[in-house]
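The values are calculated or read from the model by the stated rules, or taken from the named source; none is laboratory data. What you see is a predicted model; the values in this text were computed from it and never measured. Cβ atoms come from the backbone with ideal geometry, glycine included; neighbour counts cover every protein chain shown. All accessible areas refer to the heavy atoms of the entire protein, side chains included, with ligands and DNA or RNA removed. Shrake-Rupley method; radii C 1.70, N 1.55, O 1.52, S 1.80 Å.
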Amino acid sequence: MHEKIKRYKKEIDGFTTEIAEEVDQFRIRFLSKKGLIPSLFADFKSVPPEQRREMGRILNELKGSAQKKLNELRESIESNKVSEKKAIDLTLPTDFSSLGTRHPISIVGNEIIEIFSRIGFTVSEGPEIEDDWHNFSALNFPEEHPARDMQDTFFIEKDPDVSLRTHTSSVQIRVMEETKPPMRALFPGRVFRNEAISARAHCIFHQVEGLYVDKNVSFADLKQTLLYFAKEMFGEETGIRLRPSYFPFTEPSAEMDISCNICGGKGCNICKYTGWVEILGCGMVDPNVFENCDIDSKKQTGFAFGMGVERIAMLKYQVNDIRLYFENDVRFLKQFRSAL
Ligand code: PHE
């Protein structure tokens, strides 16, 4: 009997499993009515009286450790079940990882492109680092002419001049040098000017330039195209106004205002109580620019326009500090959502 108790004790202490059926088999083997421990108790009768006390003690101890083992195994299976549920319940909804949002300048830039693409404009891009020819000379800025000071330039090299482009008009030249009319294209991109940063101006911003060259393109075409754009961008009720202006590369030149989309033309501090806000520069391509690109200015006419994307975004979203677009504060950026 001693032998048996020793063997069982060893078996009980060494037993381990994580499977519920095996736990039950353990219970049946040792503790059920016909199990090994009750049958030891049955054999107890044949133990000589002087050994009974001692034998009773070790038998009870054996039963106690089998019971303890059983409880431990049951508990561990229960807690596994709970944690398993937590770990692999595939039906639970997931935490949505937060998706990024498009930058408001990209949204507005894409919207401008989308509006013009509906009337046949395609998109081309040019380099941000430009030579003097494409940024100035071919655009009819005379050498040493004060017009070059219209836009303060970041120079990278002098003689020959290499600079960061001050406007996307440089891409007009690149495209006209390479393509022959008719052409109808947009040139979006970053531009750079040596300006003090303030709520209204930044040393880096985005422009979208447009160019249309064909036979018999007129100022009326320009006006109608820009009216279409203004209404698509700011709403059907929007009106436009063209004021004479000056750019070396267009003749005649104009600046375009839209009726203030914030006060509807009544007057507010955005339009400075005039009812109008300026949004772009435009004009008919100067014949000298055509000649610089080997396009016959007797046969071809065209118009060009250029607008600041930040300016359009500020009006559209009524955000009146341009610096917010460059700070990358996600609390600001995540407010803008768009399909474009
Ligand atoms: N390049 C001009 C600017 O940066 C805008 C413009 C483009 C004006 C095309 C006329 C025609 O201010």
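Kindly rank 185-191, 262-268 from highest to lowest mean number of other beta carbons found within 10 Å of each residue. Kindly include the intermediate steps, with their values, before the conclusion.
On the way: 185-191: 20.4, 262-268: 14.0.
Packing proxy ranking, top to bottom: 185-191, 262-268.
Taking R0 as 35 Å, what's the FRET efficiency between K6 and E78 from their Cβ-Cβ distance, rounded to 0.05?
Numbers: r = 31 Å, r/R0 = 0.89.
So, using R0 = 35 Å, E works out to roughly 0.65.
Which of N135, N60, N216 ends up with the largest GNM mean-square fluctuation for the chain, with Cα atoms connected below 10 Å?
Taking springs between Cα atoms under 10 Å, the residue moving most is N60.
Per DSSP helix of 4 or more residues, -39500 (n - 2.57); summed, then divided by the residues of the chain. What does that give at 222 nm, rounded to the nearest 500? Present the calculation step by step, with values, prior to reporting the outcome.
Details: 11 runs with 135 residues, N = 340.
One gets -12500 deg cm²/dmol as the mean residue ellipticity at 222 nm.
Starting with the highest mean, order 223-229, 41-47 by the number of other Cβ atoms within 10 Å, averaged over the residues of each peptide.
For the peptides 223-229, 41-47, the packing ranking is 223-229, 41-47.
In whole percent, and with a 1.4 Å probe on the protein chains, what portion of the accessible area of the stretch 202-340 is carbon and sulfur?
C and S atoms contribute 49 percent here.
Taking the alpha-carbon centroid of each part, what is the distance from the stretch 69-138 to the stretch 226-295 in angstrom?
Cα centres, the stretch 69-138 to the stretch 226-295: 36 Å.
Would you please name the GluC sites (Glu not before Pro) within the stretch 1-99 that are DSSP coil residues with at most 12 other C-beta atoms within 10 Å of their C-beta?
E18
Which percent, to the nearest 5, of DSSP beta bridges fully inside the stretch 104-339 are antiparallel?
Roughly 95 percent of the beta bridges in the stretch 104-339 run antiparallel, per DSSP.
Given Cα pairs under 8 Å that are at least 6 residues apart, what percent is the relative contact order of the stretch 104-339? Show your work: numbers first, answer last.
Values: 450 pairs, mean separation 49.7, N = 236.
After rounding, I find 21 percent.
How far apart, in nanometres, would the label points at E114 and E61 be if each is projected 7 angstrom from Cα along the Cα-to-Cβ direction?
So the label points at E114 and E61 sit 8.3 nm apart.
Given the options K180, K34, K215, state which has the largest fluctuation in a GNM of the chain using a 10 Å cut-off (strictly under) for Cα springs.
Comparing K180, K34, K215 in the GNM, the peak value goes to K34.
Specify the residue with the greatest mean-square fluctuation among R323, R118, R27, computed from a Gaussian network of the chain linking alpha-carbon atoms under 10 Å apart.
Sorting by GNM fluctuation, first place goes to R27.
Quick one: accessible area per residue over the stretch 104-339, 1.4 Å probe, rounded to a whole number of Å²?
Accessible area per residue: 48 Å².
Pairs K223/K316; K158/K298; K34/K81: which are spaced more than 27 Å apart, C-alpha to C-alpha?
Values: K223/K316 21 Å; K158/K298 36 Å; K34/K81 30 Å.
Long pairs (Cα-Cα over 27 Å): K158/K298; K34/K81.
If packing is taken as the mean number of other Cβ atoms within 10 Å per residue, what is the order of 325-334, 92-101, highest first?
Most protected by this proxy first, the peptides run 325-334, 92-101.
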